[in-house]
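A.B. asks: The structure under discussion is supplied below as structure tokens; questions concerning it will follow.
Please treat every number below as a calculation from the coordinates, not as lab data. Just so you know, these numbers come straight off a predicted model, no measurement behind them. As a convention, Cβ positions derive from the backbone with ideal geometry for all residues, glycine included, and neighbour counts pool all protein chains shown.
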Amino acid sequence: MNNVVQLKTQDKITTKTQNKEPSEDLKALARHLGRMAAKEYFESYQALESNCEELATSGVDSTVKEGV
């Protein structure tokens, strides 16, 4: 009987927690992390693109050879 009461109490706590809106601080943190991730991705992409351009103009044979 005691376990049932604990489960019901736990369900109520869980339900109350799940129905709450995230705090403004948490929303701000999520936005900030999203911007940081986007910036990091963009900078990595630019660096990769720059490296590819340098390789293409260097005269080095950069073709991929299968079975090597």
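A.B. asks: Determine the gain in length on full extension of the stretch Gln46-His32; use 0.36 nm per residue of separation and subtract their C-alpha separation, reporting nm with one decimal.
C.D. replies: Details: separation 14, 0.36 × 14 = 5.04 nm, distance 2.11 nm.
Stretched out fully, the Gln46 to His32 stretch lengthens by 2.9 nm.
A.B. asks: Tell me the net charge near Gln46. Cut-off is 15 Å between Cβ atoms, Gln46 excluded, with +1 for each Lys or Arg and -1 for each Asp or Glu.
C.D. replies: Values: positive: Lys39; negative: Glu40, Glu43, Glu49, Glu53, Glu54.
Result for the local shell: -4.
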